[in-house]
1. I'd like to verify a number: residues in segment 458-477 that are part of a helix (DSSP H, G or I) and open to solvent by 70 Å² or more (accessible area, probe 1.4 Å), how many?
2. Out of all the residues in segment 25-70, which are of a type in the set (D, E), at pLDDT below 90 and open to solvent by 70 Å² or more (accessible area, probe 1.4 Å)?
3. Quickly run through segment 86-142 and pick out the residues that are in a loop (DSSP other than H, G, I, E, B), open to solvent by less than 70 Å² (accessible area, probe 1.4 Å) and farther than 16 Å from Q442 by Cα.
4. Do you know which residues across segment 301-335 are surrounded by 12 or more Cβ atoms within 10 Å (Cβ to Cβ) and more than 24 Å from R383 (Cβ to Cβ)?
5. Of all the residues that make up segment 195-233, how many are charged (D, E, K, R) and either surrounded by 17 or more Cβ atoms within 10 Å (Cβ to Cβ) or closer than 19 Å to F156 by Cβ (or both)?
6. Taking the options A76, A58, name whichever one is of a type in the set (G, A, S) and under 30 Å from G462 (Cα atoms).
7. Residues of segment 157-194 being open to solvent by 40 Å² or more (accessible area, probe 1.4 Å) and among the hydrophobic types (A, V, I, L, M, F, W, C), which ones?
8. Regarding segment 110-131, can at least one residue be identified that is at pLDDT below 90 and among the polar types (S, T, N, Q)?
Amino acid sequence: MFNVKVDNLRQEIKIAEEFRNKHLEGPEEIKKRYVGRYHRKDRQPNIAVAENHAYEYASVIAPSLMYDPPKVVCTAKNPGAGGGEMSMGMMATGIQLSLNRWAEDADATETLRELLLDFLFTWAAALVVEGNQPGYEGVELAPTRPYLLRIPNRHFFLDPNAMTNSPMANNGPRYMGHMWSADVEDLLKDEDYDSNTVKLLAVDSDMEKYNPERNSGLTVPKRREILGYDIWVPEVAAETSEPGYNGTIFTIGLGNDPDGTTKKARYLRSPRPAYCPPWGPYVMYGAHKVIDSPYFMSPLVAVAEQAEEVNLHVATAADDAKSFKRFAVAPSQNRADGERIVTVRNGQLILLDSTEGINEMTIGGVSDAQYKYIDAARERLNRTSGLTDALRGEVRSNVTATESAIANAGTNVRIDGLKRTHRSAVERILKSVAWYMFHSDQFESGLGEEGVKAGMSDFQGGLSGERADFNFFDMSLSIEPYSMEHTDQVLLQRRIEQAWGKTLEAIQIMQQAPFVKWREPLRLIWEVLDIGNADEWIDFDALEESQQRQAQNERMQAEGQTGSGGGGAAELQLAGGGAGLGETGGGGDMQNPIATANETGGVMAETYGGA
């Protein structure tokens, strides 16, 4: 069992912070070069930034990974489970609509964008917790909602002995946690904290660890703040029989000894069961996995040396360009002619005694060899990082269409892989949010117009009553493809046209192929083309009824019982064609009524009575 004595926890945190800081030294310099010399005069990069690769990469790649709020799709493995007023399928629908509203109402997009920068420069750490909804301060049993918090790199720590960052994986961290700060007066008012221990805390001590700005020359007034640490230990079982608790959270701080010369670690509150998903309250993720390391490698760290080399050579070339001089020379014995050359203006006529020996000379400047090497180094950097001319929106005139297509295909695979990694991480965050919505009976959410369409005006979480047997892991969650990316109007128009064309092609044979489950293949087509509401284009229930009537009519025709004039069960009626499947007229095509509708510009409609 992990040793959770307060002094041992303090030692573990100290070692974990030292291990973490080893992974932040390099990225910190990349961040300084990213902002350059003019963002802050007191925090200068160690070299001149003549080629700002970090800024260019982040400004081009970040919008392609995260532009709009994510749209979630939740489905249940067994939608009919539970029955009654709330089935598992309705539960999934309620969480889906609640998540999509939460992403906008809680301004989660802004936090996700901040986490995205961490993703590109270092690695990202998010904390998902449950709290009261805004506007219900002081209300007993106030409705709750999940909150997404970004944990800065220097505040997060995990078990340095881990070989992966996932606490549910083999050789995963035995603990994870973060540093926080609070006013002493606030802790003294909080009944969850031991007031006697809080009074012993080292006030305004070590606050530069929480915010390095206190060491940057700013005279920040004393605010009577303290540092605290929350440590989640999954292997220490929660001391409660209630569902939804996984592991234990320990909260410690540093307090002064009686003589005031040393500091002692103390529990600020009693260890408490962790109300969180089985994978913990934290979601830590990055771009590239490093073998046997819990910390990820970012794209900018991976190419930092190549970027530095390009920057150094460009900076050297810039200095050489400053030394460039071009001037005229003349023999010393022809001083008068030399003075006339110095003072001559453009277009002016001057008389020289002799032009012999008068020449133009240049010194300094950038050599052709320097230009060639800079181009080669820059091309290598772009090739490694995937930052191509196509991503920048540039078109090179000396590249054939075939070469451009091949290069773009290779780049797209790499960027798509980065998009997939980032989308999977956001899915894990939203899965944590959904976990609280699923389990908490205090969570409430209005579902708006989309909820009304789904037959649910609001949603309340919890597993009481008929939901007692529901299992969160019987529900799957995914983000709609392209929902977070930027889509220009031309591309969107092309996608809609393609989706509509494919849908019309399917409609041509839907009636004749009732054995095909049309919903799924069409859903895949719409999903690939990022058309989120295309499922409203077709009433699949009406389609099934129409197919059943079609089959019945065919059986009646085979038995010779069908009356003329379209009597009996009504079929698919086409405005403009003027004929049902059981009759012809107005130029209609009895064998292919959909084609007739397309030719005449008619609108498909259904009737449910005899003609």
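1. Residues flagged as part of a helix (DSSP H, G or I) and open to solvent by 70 Å² or more (accessible area, probe 1.4 Å) within segment 458-477 amount to 2.
2. Matches in segment 25-70: D42 only.
3. Result: M86, S87, A106, T122, W123.
4. Answer for segment 301-335, where residues must be surrounded by 12 or more Cβ atoms within 10 Å (Cβ to Cβ) and more than 24 Å from R383 (Cβ to Cβ): D319, D320, A321, A328, V329, A330, P331, N334.
5. 6
6. Selected residue: A76, the only one of A76, A58 that is of a type in the set (G, A, S) and under 30 Å from G462 (Cα atoms).
7. M163, M168, A169, L188
8. No, because not a single residue in segment 110-131 is at pLDDT below 90 and among the polar types (S, T, N, Q).
The values are calculated or read from the model by the stated rules, or taken from the named source; none is laboratory data. Model, not experiment: these values are computed from the prediction. FYI the Cβ positions are ideal-geometry reconstructions off the backbone, even for glycines, and counts take in every protein chain you see. Surface accessibility is based on the protein's heavy atoms, side chains included, excluding ligands, DNA and RNA. Shrake-Rupley method; radii C 1.70, N 1.55, O 1.52, S 1.80 Å.
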